[in-house]
1. In segment 236-251, what count of residues is obtained for those that are within 19 Å of ILE198 (Cβ to Cβ) and crowded, with 19+ Cβ neighbours inside 10 Å?
2. If you scan segment 180-203, which residues turn out to be in a strand (DSSP E or B), open to solvent by 30 Å² or more (accessible area, probe 1.4 Å) and more than 16 Å from the ligand (Cβ to nearest atom)?
3. What is the number of the single condition among (1) in contact with a Ser or Thr (Cβ under 6 Å, 6 or more places away or on another chain); (2) surrounded by fewer than 23 Cβ atoms within 10 Å (Cβ to Cβ) that VAL177 does not meet?
4. Being in contact with a Lys or Arg (Cβ under 6 Å, 6 or more places away or on another chain) and within 24 Å of ASP100 (Cα to Cα) narrows it down to one residue among SER242, SER238, SER195, SER231; which is it?
5. Among the residues of segment 63-75, are any closer than 22 Å to VAL178 by Cβ and part of a strand (DSSP E or B)?
6. Need at least 2 residues that are in contact with a His (Cβ under 9 Å, 6 or more places away or on another chain), within 10 Å of the ligand (Cβ to nearest atom) and modelled with pLDDT of 95 or more per element, so show me which strands (runs of 3 or more DSSP E) inside segment 1-60 make the cut, counting only ones lying wholly within it.
7. Can you pull out every residue in segment 81-123 that is touching a residue at least 12 places away in the same chain (Cβ under 8 Å), within 12 Å of the ligand (Cβ to nearest atom) and under 22 Å from SER221 (Cα atoms)?
8. Quick check on GLU122: is it modelled with pLDDT of 95 or more, farther than 20 Å from SER11 by Cα, touching a Lys or Arg at 6+ places or on another chain (Cβ under 9 Å) and surrounded by fewer than 19 Cβ atoms within 10 Å (Cβ to Cβ)?
Amino acid sequence: MKRIITVQDVSCVGKCSLTVALPIISAMGVEAAILPTAVLSTHTMFKEFTFRDLTSDIKPIMEHWKKEHIEFDAIYTGYLGSFEQLKLMEELFETFKGKDTKIIVDPCMADNGKLYPGFTEEFARAMGGLCSKADIIVPNLTEASYMLGIPYVAEGYDEEYIESVLDKLSKLGSKKVVLKGVVFDKDQKTLKNVSGKIGIATYNSEDGKINWYFHEKMSQSYHGTGDIFASVLVGGLSRGLSLEKAAMLAGDFVVEAIRETMTNDKEKWYGVDFEAQIPFLLKRLEELCK
Ligand code: PXL
């Protein structure tokens, strides 16, 4: 069985970060080891959440693993809360990157044109630095814009604009980029029937190829869907899927999880009801693995 390590906070209530990564990656048949960076009573979209920083535990945990010769097939970082944690992640990568270990960085810090509470533009640029050490990065368009220091463009852009964003992102230093949340308001030179849908662009800087996957754009958006996307991507890659297939599976699962949640929409800030769609995820995973 493949073993990955994921580094994120524990938000005790409010489905995101480790409370989605663990069940999803485990359900996909991959061992999910964790390195919790902080414990919060809820994610930061609630008011008056508690917060306990665990940064000082990170190094001793890594040292113990090193002594035990523990190895990981993938290292996946999500929500990180400080410059110090970003530095520690570089050390984690250097220490545990084996010959075939994939490093996946989800620069989780912003959406819909805005940084999450507590993050700054300076932090976003430093996150760009961590991305340079990754094999694959998974930003949405807002995170991409902050990391690149370019204005966030909400709508009206074209294929060429997205190609230039992908090129700039790969120049941060990661060979592969999965850019989420691309919406074209009309068909493009090479992309037909895409207007109003939501697209995921998978870019490989080695051959310059972009693979597009468009799916239904749901009328509601929810918290934690980025973490669900990245978790499925990591699970899919660990099960041997190509990056393109893993991104497709992740996009489809997020859509089904949102559809499920929209049938019971009382707790919008709580996160999506992905649990009910795990059978769908596993069925699609097995089909794609064939
Ligand atoms: O879903 C991203 C996330 C993870 N962890 C915490 C958050 C957020 C988004 O706001 O607050 C603590």
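1. As a first pass, look at segment 236-251 and keep what is within 19 Å of ILE198 (Cβ to Cβ): 236, 243-251.
Adding the requirement that they be crowded, with 19+ Cβ neighbours inside 10 Å leaves 236, 243, 245-251.
Qualifying residue count, segment 236-251: 9.
2. Step one: filter segment 180-203 for residues in a strand (DSSP E or B), giving 180-182, 198-203.
Filter once more, keeping what is open to solvent by 30 Å² or more (accessible area, probe 1.4 Å): 181, 198.
Passing the criteria: only ILE198.
3. Unmet for VAL177, out of (1) in contact with a Ser or Thr (Cβ under 6 Å, 6 or more places away or on another chain); (2) surrounded by fewer than 23 Cβ atoms within 10 Å (Cβ to Cβ): (2).
4. Values: SER242 fails: in contact with a Lys or Arg (Cβ under 6 Å, 6 or more places away or on another chain); SER195 fails: within 24 Å of ASP100 (Cα to Cα); SER231 fails: in contact with a Lys or Arg (Cβ under 6 Å, 6 or more places away or on another chain).
One residue alone meets the criteria, SER238.
5. Going residue by residue through segment 63-75, those that are closer than 22 Å to VAL178 by Cβ are 72-75.
Filter once more, keeping what is part of a strand (DSSP E or B): 74-75.
Taking every residue of segment 63-75 in turn, at least one turns out to be closer than 22 Å to VAL178 by Cβ and part of a strand (DSSP E or B).
6. In segment 1-60, the matching strands (runs of 3 or more DSSP E) lie at 3-13.
7. If the condition is that a residue be touching a residue at least 12 places away in the same chain (Cβ under 8 Å), within 12 Å of the ligand (Cβ to nearest atom) and under 22 Å from SER221 (Cα atoms), then ASP106, PRO107, CYS108, MET109, ALA110, ASP111, ASN112, LYS114, LEU115, TYR116, PRO117, GLY118 are the ones that fit.
8. Details: modelled with pLDDT of 95 or more: yes; farther than 20 Å from SER11 by Cα: yes; touching a Lys or Arg at 6+ places or on another chain (Cβ under 9 Å): no; surrounded by fewer than 19 Cβ atoms within 10 Å (Cβ to Cβ): yes.
When the stated conditions are applied, GLU122 does not pass them.
The values are calculated or read from the model by the stated rules, or taken from the named source; none is laboratory data. Since the model is a prediction, treat every value here as computed from it, not as a measurement. FYI the Cβ positions are ideal-geometry reconstructions off the backbone, even for glycines, and counts take in every protein chain you see. Quick note on the areas: whole protein, heavy atoms, side chains included, nothing else; ligands and nucleic acids left out. Shrake-Rupley method; radii C 1.70, N 1.55, O 1.52, S 1.80 Å.
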